[in-house]
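The values are calculated or read from the model by the stated rules, or taken from the named source; none is laboratory data. Small disclaimer: the values here were computed from a predicted structure and weren't measured. Every residue, glycine as well, gets a Cβ built from its backbone with ideal geometry; the counts of neighbours run over all protein chains shown. Remember, those area values only see protein heavy atoms, side chains included, never the ligands or the DNA or RNA. Shrake-Rupley method; radii C 1.70, N 1.55, O 1.52, S 1.80 Å.
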Amino acid sequence: MNEILRIPLHTMITALAVIILLSNDVSAGIEQTSAPDFTLKSVDGRNLRLSEYRGEVVLINFWASWCGPCRQEMPILSDLHERYKSLGFTVLGINVEEDSTDARRLLGKMPVSFPVLLDNTSSVSKQYDVVAMPSTVLVDRNGNMRYLHKGYKPGLEEQYLRQVRELIRE
Amino acid sequence: MPVAPKAAVVAAVAVTRALVVVLLCVCLPSRAGVLPDDRADALYHSYDGGDVEITGPSVLILKKIGQNVALSGNYYVDSISSASIDVVTSGASKYSEDRTELSAGVDYMHGNSIMSLSYTNSDEDDYEGNTASFGVKMDMFGNMTTVSLGYAYGWDTVKNNTDSTFSEDIDRQNYRLGLSQVLSKDLVMELDLETITDEGFLNNPYRSVRYLDPGSALGYSFQSEVYPSTRTSNAAAIRSIYYLPYRASVSAEYRFFDDTWDITAHNIKLAYVHTLPGGWLLEGRYRYYTQTAADFYSDLFPFRDAQNFLARDKELSKFHSNTVGATVSYDFIENGSKYIDRGSINLSYDHIMFDYDDFRDIRNTAVTAGTEPLYDFTSDVVQVFLSIWF
Amino acid sequence: MLIKPCLFLLVLLQLSGCSTLEPWVKPYERAHLADPVMKFQRDPVSSAYMTHVYQAREGARGAEGGGGGGCGCN
């Protein structure tokens, strides 16, 4: 410990700055595991089940109305849904708030083209072990989780595009 | 640098060093931080108390440029009209003055941290202040913890309206360390440490001290105040805020302060925030402050040149103050229009009661020197402001 | 003398392979924390002004806050 303390402060701060600058997004491919099935009510009252989408590529996006990057990402996901839905692709938005009032208000102001489900009890968030906001999971036509994105930073949509096209072609 | 202040600076560096070690040894999950939302605020402030009136605007603009950079600018003015006890007892008449302050800042977000740079300049007839600061803020542990480090360098010029040849400098350094920790889904705690060192002409060129002088009509005479040319201070604050299930919160804060002039101060602040349907927010607050005197302070020195350092500034005397205040805010744009996400108008009032334990009201000249009543006064502080998020 | 750079390298390596400490407040539980009532300083212009009012009249200065936490978003 003493050795560490004797390292000059400016060196340590430089090292810390380097590490911060080198850090990047945690966006990983994941081992093929089956995406947990769930049934949730959507904002327009219908019950939607994930297994009903078997055969299609699904992009599941966990979001909350109080989360800035989530709001930033929504129009991009809406465009993505519009663009590829005819090729067997769908975006499923899952709002994780206990009280859906703010989410409904946001969707009223900024409507999206994809179904939005309400996870009021956080059961699906727990099933998918959501540790970041927003979180995006890409599920292939066989119902397996293939890509996971934690968080959203502008430019991530390039990766979404690439991965969605790849999964559609399978 | 003198020996005593150097010890405090070494301590601050050691604390910073320890924190950097902690940061290097733990995981830095690489997730993006978030720049604050764009906003513009226009505030009108008014202070009225102790025969001093100060009013003026404060305008702030914060705007993101691109995705990773945010710029901010602030324009602030104090229009001062003062016939305070200090002014009146020094034989001067009521004076008016304007102090203008301009700041500009830039925030750069990378990964899970935000780096900030800012510059502030304040200008009045007889005083010019400059401060340049640098800060880093990092979110860690799944954004449960935020650590911030800051350093600021200041350089001021002190002038004298009655003597155009007078010009002295002050150099200042601030070292800041902050830690914000989410303890539960309803509880957040924050710890702040700050060390400040000043060097230069630290007193007021117009102010005097008084000493017993049997030969004079009043029983006392005046001489210019003499301050040490250095000062190092340390402040440590802990604050917490707790969410109440009906969209309200309660918060508490305690700050400890001490410095090389032997001043020790404590203050506590309690606040309760309550929201009402329709976009209303109410806050009620209470603050208590107490401090001991600087070791070179005296309301009445026994004779001329009684000490190397002499001060009679009530700011350095033993006193306490109580503040009660409230704020009412109304969100007039709740659902957001095309250009504006949210807007609120706010009215805030604080009533501060100052009580001096060793500073006498010498406007009262009918009594023996040293038996004048102790001074106290109250201030009314009003703020009216408009905030827009876009 | 060799121990200094070695320790440093060890720390850097640990960072690249480390697993994160699990946050005990999940991101979907952060709705309350994102509420404006939970901010220490809701209005920066107002907080800065009151700090100035007190600093100009008191001996104490510093640690007034203003370095608050994030929203829990990424």
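Within the stretch A:50-148, DSSP assigns beta bridges of which about 45% are antiparallel (rounded to the nearest 5). Heavy-atom accessible area, probed at 1.4 angstrom with all protein chains present, ranks B:243, B:44, B:127 as B:44, B:127, B:243, highest first. Panel note: contact residues of the stretch A:111-140 (accessible area lowered by at least 40 Å² against the chain on its own; 1.4 Å probe) correspond to A:131, A:133.
The residues A:110, A:74, sorted by heavy-atom accessible surface at 1.4 Å with ligands and nucleic acids left out, run A:110, A:74 from largest to smallest. When the helices of chain B are scored as -39500 (n - 2.57) per DSSP H run of n ≥ 4 and the total is divided over every residue, the value at 222 nm lands at -2500 deg cm²/dmol.
Restriction of the chymotrypsin sites (Phe, Trp or Tyr not before Pro) in the stretch B:294-363 to DSSP coil positions whose beta-carbon has at most 11 other beta-carbons within 10 angstrom yields B:303, B:339. Residues of the stretch A:43-84 that bury at least 50 Å² of accessible area when the other protein chains are present, relative to the chain alone (probe 1.4 Å, heavy atoms, ligands and nucleic acids excluded): A:66. Lysine pair count for chain B with Cα-Cα distance under 24 Å and sequence separation of 8 or more or different chains is 11. Straight-line cross-link reach from residue A:150 at under 17 Å between alpha-carbon atoms covers these lysines, not counting any fewer than eight positions away in the same chain: A:126, C:26.
From the alpha carbon gyration tensor of the stretch B:121-269, can you work out the equivalent ellipsoid semi-axes (sqrt of 5 times each eigenvalue) and give them in Å, largest to smallest?
Largest first, the stretch B:121-269 gives 42, 21, 13 Å.
An ellipsoid equivalent to chain B, defined through the eigenvalues of its Cα gyration tensor, has semi-axes of 40, 26, 21 Å when rounded to whole angstrom and sorted largest first. Computing the accessible area with a 1.4 Å probe over protein heavy atoms, can you report the carbon and sulfur percentage for the stretch B:54-204? Percent of accessible area from carbon and sulfur atoms in the stretch B:54-204: 57. For chain B, the per residue solvent-accessible surface stands at 44 Å², with DNA, RNA and ligands left out and a 1.4 Å probe. Computed from protein heavy atoms with a 1.4 Å probe, the total accessible area buried between A and B is close to 2200 Å².
The H on the amide N of residue A:135, modeled in the peptide plane, is under 5 Å from the matching H of A:62, A:151, each at least 5 residues off or on a different chain.
From most to least packed by mean Cβ count within 10 Å, the peptides B:94-107, A:116-129 give A:116-129, B:94-107.
Rolled with a 1.4 Å probe across the full set of protein chains, the surface gives residue B:120 an accessible area near 30 Å². Surface burial for B against C, with a 1.4 Å probe and both sides summed, reaches about 5500 Å² of accessible area.
Rolling a 1.4 Å probe over the heavy atoms of the protein chains gives the stretch A:100-170 an accessible area of 42 Å² per residue. Candidate cross-link partners of residue A:109 among the aspartates and glutamates, defined by an alpha-carbon separation under 19 Å and a same-chain spacing of 8 or more, comprise A:44, A:73, A:79, A:82, A:97, A:99, B:37, B:38, B:331, B:334, B:341. Within the assembled protein chains, the solvent-accessible surface assigned to residue B:384 is about 70 Å², based on a 1.4 Å probe. Rounded to the nearest 10 square angstrom, residue A:76 shows an accessible area of 50 square angstrom against a 1.4 Å probe. Calculate what fraction, in whole %, of the accessible area of the stretch A:115-170 sits on carbon and sulfur atoms when a 1.4 Å probe is rolled over the protein chains. It is 45 percent, rounded to a whole number.
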